[in-house]
1. Could you tell me the calculated FRET efficiency between Q456 and D577, based on Cβ-Cβ distance and R0 = 25 angstrom, to the nearest 0.05?
2. If you plug each phi of segment 557-572 into the Karplus form 6.51 cos²θ - 1.76 cosθ + 1.60 with θ = phi - 60°, what whole-Hz ³J(HN,Hα) values come out, in order, with x for Gly and Pro?
3. Restricting the count to DSSP beta bridges whose residues both fall in the chain, what percent are antiparallel, rounded to a multiple of 5?
4. Among G231, S104, M147, flag the residue with its Cα farthest along the positive direction of the charge dipole of the chain, charges on Cβ as +1 for Lys/Arg and -1 for Asp/Glu.
5. In deg cm²/dmol and to the nearest 500, what is the mean residue ellipticity at 222 nm of the chain if only DSSP H runs of at least 4 residues count, each as -39500 (n - 2.57), divided by the residue total?
6. Amide H of A684: which non-local residues (sequence gap of 5 or more, or other chain) have their own amide H closer than 5 Å, using H built in the peptide plane?
7. Determine ³J(HN,Hα), in whole Hz, for all residues of segment 643-653 in sequence, where each value follows from phi through the Karplus function 6.51 cos²θ - 1.76 cosθ + 1.60 and θ = phi - 60°; x replaces Gly and Pro.
8. Across bins of 20 angstrom width beginning at 0, how are the C-alpha pair distances of the chain distributed, in whole percent?
Amino acid sequence: DLFGALFEGAAAKAVMTRTVPVLVPMPAPKPYSYAVPEGMAVEPGSVVQVPLGPRQVIGVVWDGGDEGGVDPKKLRPISRVFDCPPLAKEMRDFIDWVAAYTLSPPGLVARMALRVPAAFDPEPMVEGLRFAGGAPERLTPARVRVMEMAKDGLSWTRSGLAHAAGVSTSVIDGLITQGIFETVFLPPPPLVAKPDPDYAASRLEGPQREAADEILAEVRKQEFAVSLIDGVTGSGKTEVYFEAIAETLKRGKQVLILLPEIALTASFLERFQDRFGAKPAEWHSDLAPRTREKVWRQAVTGEVRVVAGARSALFLPFEDLGLIIVDEEHDPAYKQEDRVYYNARDMAVVRGRIGDFPVVLVSATPSVESQVNGQSGRYSTIHLPTRFGDAAMPDLHLVDMRRHAPYRGGFLSPLLIRAIGKTVEKGQQSLLFLNRRGYAPLTLCRVCGHRFQCPQCSSWLVEHRFRGQLQCHQCGYAERTPEACPECGTLDHLVACGPGVERIAEEVERHFPDARTIVLSSDIMGGVKRLRLELDAIAKGEADIVIGTQLVAKGHNFPLMTLVGIVDADLGLANGDPRAAERTFQLLSQVTGRAGRTGLKSHGLLQTYQPQHPVMQAIVSGDAGAFYEREISERERAVLPPFGRLASIIVSAETRQDAETHARGMRSAAPLVQGISVLGPAEAPLALVRGRHRFRLLVHGKRNSDMQGFLRAMLAQAPKERGSVHVQLDIDPQSF
Ligand code: ADP
Ligand code: ZN
């Protein structure tokens, strides 16, 4: 109502006194000042609505006094305060810390904690009913059943009572009309039931018991400490950290479990339910908006006790978080490379330190960073070197492709084909792993040599034969696969170069036309839902041969899987990144670890052209220790992370020249600081993405150098971003 609003505004202006800083979810470098209208109660952490330009936005009352200088009368007033718990001090400190560390505007970091604006209003109450006294006019058997259920005076929803009494809702309606029931309002139902720490505890013995005891000792102290559970695939790490979760729940604290591919880990949720009698709440980008709101709100109110989520769950403002588990801590999916570049594994540790609670990192192949922290005593490492029960690790062999060439036109060596054949005969499952979506990574014309490239990116177009498309995996650009070469016009002379999973499936079907094959990649039609169904089907034995990308590498338990074939074990090694060996080792360990989880004898065959490569040797010998020692000493020698510090500065622009000029300008703005040097600019590894040209500067510093201080000084001196120029900082980049 216009007049109401006018007068309210006027009244507020007349008596305004106090001002507070409010952080709004925008790329603003600091909070803005707002006036607090008389009678409005706000404190640091209050979630408020404030005017910003012509809009109303959500913000959080921030810490620190106002800087003053502005006449409070000139400031705009806070429009309203939301009726939800304030963002805890812990969370505000965490946001400030992440912003300072990643050199991001705090507003952008806060935005991750305020992602669900609709969640701030309290959930509406649900209409229900309650026995009001008296007796029905006529007692039918159905009415007797309803009265039986309701006579204790507890509240029900209409349909809940009908269901419980086994009657139709019309029976209930009849009783309402007679005044037997009164209407009441019930709090909204919880999203998930409360997990019960004693529901079905596993018996732990031997090394598992010892591991659990070590973790429990940390959890009971309820203070900041980081434990690293380093145990082979199938060693029972999950059972061990379930103990830590149970203990935390008993102490009345909330738990966050971070998982790299939460959308795909339906089996994890079920396993959690088997142990705790209820599922954890899920948090990931595939949630329906309504569910997101609910999870957010119920994490804030404390209704939800355990959240299993993707990296962004780290920014949920829990009411009283007491433990974070980071499963598969080495996984690159923990790195967000969008707006605020952060590694959720590292930031989980920070959150634990600020909140003073324990953090547990879990992996079969811990990152070099975490291993070094273990060696230095910063983290306490807990080893589980063998598989649980009678399951043995698969027997792994290298297939030297220089000697065992594939059949003409194929990519699978006769050795691997034979092994698949035997596995199919035994009624067991094979997994063929190739970390490449689509049919072929490169298409070219046999007549003129034309290569199909993305018009907006420096990458080849990948053929997806099933969809009849050529796609760019950088930007999503797609076109129909043409019949003629666009350059020379020759018909039917396009050739596919190299394999993707679709092509391997074609080859497999040629050899085993009667076997049931499934191709699993993120291209699957029907999205996450369909993927979950397929994974379920595989676990139930409804497929003989699975051909998949890294989607199948993660966490799944396929009881009948006894053969893993790695189509191209060298694939990840080629890119020249110092982390390539580590990553390849981790991925191959994880994939081969899918085999033999239930005591059946199992094998792995790794096709490689470099059988002497340390990664291949480490995989087949099972000697991860020696491999890591080498990796660690190489990093130390080259002063690379974690023995040195790195930051990458990506400068992009619509023209190559603008990007390069700006990058050079930044370089010359770098201060002279002992122990820190700037490399580049050079074309970024992906020189063109979505039509933007990219140049990269790498900043390298000794271990204790003040990287953030250096970068701040550099940015302060650098030319302003103008036109299409954009500068993105990436502290601790994934590749370097
Ligand atoms: P990881 O997480 O190390 O890969 P899991 O925790 O998944 O290993 O354990 C591997 C298998 O062994 C699972 O099927 C799990 O149910 C089973 N398992 C592990 N520990 C126990 C235990 N203490 N009692 C019963 N089964 C267990
Ligand atoms: Zn592209």
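Laboratory data are not the source of any read-out in this text; all were calculated from the coordinates shown. What you see is a predicted model; the values in this text were computed from it and never measured. So basically every Cβ, Gly included, is an ideal-geometry build from the backbone, and we count neighbours across all protein chains shown.
1. Details: r = 24 Å, r/R0 = 0.95.
Step by step, r from the Cβ atoms, then E = 0.60.
2. Karplus values, whole Hz, x for Gly and Pro: 10, 10, x, 8, 7, 10, 10, 10, x, 9, 5, 9, 5, 7, 3, x.
3. Details: 61 of 112 bridges.
Here the antiparallel bridges make up roughly 55 percent for the chain.
4. With unit charges placed on the Cβ atoms, the residue in question is S104.
5. Details: 20 runs with 232 residues, N = 736.
-9500 deg cm²/dmol, from helical runs alone.
6. Those lying under 5 Å, H to H, from A684 are R694, F695, R696.
7. With coefficients 6.51, -1.76 and 1.60, one gets 8, x, 10, 9, 9, 10, 10, 9, 10, 10, 7 Hz.
8. The percentages, shortest bin first, are 14, 41, 34, 10, 1.
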